[in-house]
1. Before rounding to the nearest 500, sum -39500 (n - 2.57) across all DSSP H runs of length at least 4 in the chain and divide by the residue total; then give [θ] at 222 nm in deg cm²/dmol.
2. Please report, to two decimal places, log10 I(q)/I(0) for the stretch 101-157 at q = 0.18, 0.24 Å⁻¹ as given by the Debye formula with identical point scatterers on the Cα atoms and no solvent.
3. How far apart, in nanometres, would the label points at residue 45 and residue 250 be if each is projected 7 angstrom from Cα along the Cα-to-Cβ direction?
4. Tell me, 263, 215, 115, 33 in order of fewest to most beta-carbon neighbours within 10 Å?
5. With only alpha-carbon atoms counted, please give the Rg and Dmax of the chain, in Å.
6. Between residue 155 and residue 259, take the C-beta separation as r, use R0 = 30 Å, and let me know the FRET efficiency to the nearest 0.05.
7. Rounded, prolate or oblate: which fits the stretch 46-117, taking a ≥ b ≥ c as square roots of the Cα gyration tensor eigenvalues, rounded meaning a/c under 1.5, else prolate when a/b beats b/c?
8. Roughly how far apart, in whole Å, are the Cα centres of the stretch 157-178 and the stretch 35-106?
C-alpha cells in the first residue's frame, strides 16, 4: 500500500505543477482512482479492489497515452492492466495497445452477463465520425502478422435516441458475435431514460437481452436470454458528493436466489 500512496502523492504534486506553471497550450495529464467493493465468491464475503488510471497528452500536439493499473490484493503493488498510445483530432482517432474492446455498454451488475462480449488483446483501433474499427493480435511479441479477431461498430445520437452497434469476427474460428444498444431520453416518459441491449453469437446460437430505465440517477434493469427472459434483476444509483463519484447497486439472480451488492467510489483529477 505504501507504493500506491507514494504514486498517488506524486500524481497530485505533478498535477499541481501543471496547473500552476504550464500554459494552456501545453500537455498535461488527468486520472482516476477507483475502489470497488463487491462479493468475492459464492459466500457472503465482500472484497475491495482498487484501480488507478492515468491519461497523458502531448505538448502542443494531438498525441496521447493511457495507462490503467490495478492494485494487487496480495502484494499491494500496482500492476499494469491496460495501456494505449495514439493520436486524436476533431475528425478521427488512432490508438495502439492493450486497450479493451469496442463493444456496447451494458447496465447489469451480474457477475456473468447475458450479453455476449468478445474480448480484444493488444490491438490497433481507429474511430472516425461514429465509426469504430479494431484488429487484435494473437501474440504481438511472437508474430505481428497473426491476427485473432476484428471488431467493427457504429454509434450515433439522433437527439432523443442513441444507437450503438458492434460486431466481432474471430479469424481463427470464423465465429461472430453482434451487439446493439438503443437508448431513449424522455421520448416515452418525460425525464426518464428507457433502453435495451441485445446480443447474438453464432457459436452459442443464443440471443441475450437487457432492458433498463433510468430516473433521477437510479437505473433499474432486467436481463435474460431467449430461454429465460428474467435471469437477473437489479438497480444502481449514481451520485457525486463534493467531487467524489459514488455508485451503489445490487443484483438479484433468479436462479440462485442470491443478492450481489456492489459499491464504487471514484475520484477524478
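Coordinate-derived values only; no laboratory data. Remember, it's a predicted structure, so these values are computed and weren't measured experimentally. Reconstructed Cβ throughout: ideal geometry from the backbone, glycine too, with neighbour counts over all protein chains shown.
1. Taken over the chain, the calculation gives -2500 deg cm²/dmol.
2. -0.72, -0.96
3. Taking the simple label geometry, residue 45 and residue 250 are separated by 2.2 nm.
4. Going from least to most buried by this count: 215, 263, 33, 115.
5. Cα-based Rg and Dmax for the chain come out at 20.3, 60 Å.
6. Once the sixth-power term is evaluated, E becomes 0.35.
7. oblate
8. With the stretch 157-178 and the stretch 35-106 each reduced to a Cα centre, they are spaced 22 Å.
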